Amino acid sequence: MVTLNAAVTDQNPIGWRFDNTYSRLPEGLFAPAKPAKVEAPRVVILNHRLADELGLDLGGLSPEAAAALFAGQDLPSGSQPIAQAYAGHQYGGFTMLGDGRAILLGEHRTPSGDLVDIQLKGAGRTQYSRRGDGRAALGPMLREYIISEAMFALGIPTTRSLAVVTTGEAVFRESRLQGAILTRVAASHIRVGTFEYLSAKQDESNLRVLADYTIDRHYAELADSPNKYLEFFRAAMDRQAALIARWQLVGFIHGVMNTDNMAISGETIDYGPCAFMNVYRPETVFSSIDHGGRYAYGNQPAIAQWNLARFAETLLPLFAPEQEQAIAMATEVLGQFPARFEHYWLTGMRAKLGLLSAEAGDLELVQSLLNWMQKSGADFTNTFRDLSADESPTGDRYADADFLAWYAQWQLRLSRESRPSTAAHAAMRSVNPAVIPRNHRVEEALAAAERNDNLSVLHRLLATLATPYEAGADAAAYREPPLDDGSYQTFCGT
Ligand code: AMP
Ligand code: MG
């Protein structure tokens, strides 16, 4: 692989180190694309902390230059913009897709040597736009910015958000909205759907090229394994098990776990109708179009396994020459998903309850707390945070006999730990967030930004979400669950 070492020069004052490895893959996996000219780009928000991590210096950019850059009007030096082809199972049905409104500018090499995709979402039509306008609206792009940065601060693998700009043009959905572009930074945008795309075309040779590229980029340690494609599948399966466990442990509901929205890197990707659960209810769904609850909170592990089965199907020809043998190999690995998921989930739940050791009754202890939360309508996040305090939780809800019985059991369990309970509580506070992006707080920030051009609400929210495990004075107001959670709906934002 070629490593560019572009110097920071007058032509490249920001410090981009661009490469375009994806566009050197076989034709057909992408199409050249060009960000559309836009009327009057204007910066809404820049993520300076992320820019620093990426080795980018945005400080010297004028507001106009930053707007032109993140609206795709001035391309980073070395960029060869493309739209990526992919397919996907959407709500279970297969479709050929592709970046219809996202343009990959290329890959940037970070100071730590990682290669990251730099993508503009909402940058105009591409060869894959079908009937879409290629555009995005300000609300959904800011929503992705807020939630992805919150997930990052929670320590959960995710794509990042570097900038949001408005285009000065209107986009038309149910109503007239401000057009906007999000700059997304990702380990890559290779999805289960990218493999499905080649598989649907029965293009086995390019499938192997894509698998090798993906292994090289995300699973380099497997390059020399004897059955590297099967090991690749096993490792990707494991990363998904770990990722979905992290989601479950904070109450994150992705909302649209189609196979085109599952990244092989193991990052959370495509923040559309996602939202955080308040009251613990496994059937919680916020997405306005998810009528059957396919992507409900409690279904996420099973859906991940379903998506991984679709992924395995694409790789069958690489596993073994005989299909029957390949299927047996895939089935064996896929069958490990529930146990891998439970391993990550239970490890995480033990940490949420301050437990370092493992005992056979732990699963039951966790389940009985969850059952109580569900029965009593307790808030998932706040319950765990309340349990993390040195004082025992107070208030009417906790006076409940079932809770007190559970609490006594937990105290007994904690007494068998090797550390004092104050140490356990401190550890719990580092894994049980005080603040999550509460739906009403996100909406409030978006409404202020959209309607009044007032960004202070957004900035305050982002500042609180940046340190989710700290419960400082400013966090208190952000810990309140919404008054009416039941009727909240999210939209795909397309
Ligand atoms: P999503 O629901 O954001 O994961 O998008 C599903 C598919 O629809 C992807 O292939 C998108 O590129 C495409 N798409 C979504 N919105 C638009 C749009 N406004 N114009 C063109 N394509 C779109
Ligand atoms: Mg998508």
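For segment 380-389, backbone phi angles converted through the Karplus equation (6.51, -1.76, 1.60; θ = phi - 60°) give residue-by-residue couplings of 4, 5, 5, 4, 5, 5, 4, 5, 7, 7 Hz, Gly and Pro being listed as x. For the chain, the relative contact order works out to 13 percent when only alpha carbon pairs closer than 8 Å and six or more residues apart are counted. Under the classification rounded if a/c is under 1.5, otherwise prolate if a/b is larger than b/c and oblate if not, where does segment 22-192 fall, given a ≥ b ≥ c as square roots of the Cα gyration tensor eigenvalues? Because its axes are fairly even, with a/c under 1.5, segment 22-192 counts as rounded. The angle between the Cα long axis of helix 439-451 and the longest principal axis of the Cα atoms of the chain comes to about 40 degrees, rounded to the nearest 10. Within the chain, the longest run free of exposed loop sites, counting GluC sites (Glu not before Pro) that sit outside DSSP helix and strand states (H, G, I, E, B) and have at most 13 other Cβ atoms within 10 Å, spans 40-173. For segment 428-494, the per residue solvent-accessible surface stands at 50 Å², with DNA, RNA and ligands left out and a 1.4 Å probe. With contacts taken as Cα pairs under 8 Å and at least 6 residues apart, segment 22-192 reaches a relative contact order of 25 percent.
Placing pseudo-labels 7 Å out from each Cα toward the beta carbon at GLU64 and ALA339 gives an inter-label distance of 6.4 nm.
Could you let me know the centre-to-centre spacing of segment 434-478 and segment 376-422, using Cα atoms, in angstrom? Result: 28 Å between the Cα centres. Close amide-amide hydrogen proximity is noted between THR268 and THR158, THR159, each under 5 Å apart and 5 or more residues distant or on a separate chain (H modeled in the peptide plane; Pro and chain starts excluded).
Starting from the Cα of ARG419, step 7 Å toward the Cβ, then list every residue of segment 310-349 with an amide N under 20 Å from that point. Inside the label zone: 344-349.
Close amide H pairs (under 5 Å, H built 1.01 Å from N) link VAL279 with PHE380, residues at least 5 positions away or on another chain. Report note on the peptides 423-430, 109-116: ranked by the mean count of other C-beta atoms within 10 Å, highest first, their order is 423-430, 109-116.
If I fit a long axis through the Cα atoms of helix 138-154 and take the longest principal axis of the Cα atoms of the chain, what angle between them do I get, 0 to 90°, rounded to 10? In the chain, helix 138-154 runs at an angle near 60 degrees to the longest axis.
Which shape class, rounded, prolate or oblate, goes with the chain when its Cα gyration tensor gives a ≥ b ≥ c as root eigenvalues, a/c under 1.5 marks rounded, and past that a/b bigger than b/c marks prolate? Oblate, because a/c is 1.5 or more while a/b does not exceed b/c. Here the label points at ASP74 and ARG49, each 7 Å from Cα along the C-beta direction, are separated by 2.7 nm in the simple model.
Ordering HIS343, HIS108 by accessible surface, largest first, gives HIS343, HIS108; the 1.4 Å probe counts only protein heavy atoms, with every chain in place.
The values are calculated or read from the model by the stated rules, or taken from the named source; none is laboratory data. Please read all numbers here as calculations on a predicted model, not as lab measurements. A quick note on method: Cβ atoms are made from the backbone with ideal geometry, for glycine too, and the neighbour counts reach across all protein chains shown. These accessible areas exclude ligands, DNA and RNA; they are computed on the full protein's heavy atoms, side chains included. Shrake-Rupley method; radii C 1.70, N 1.55, O 1.52, S 1.80 Å.
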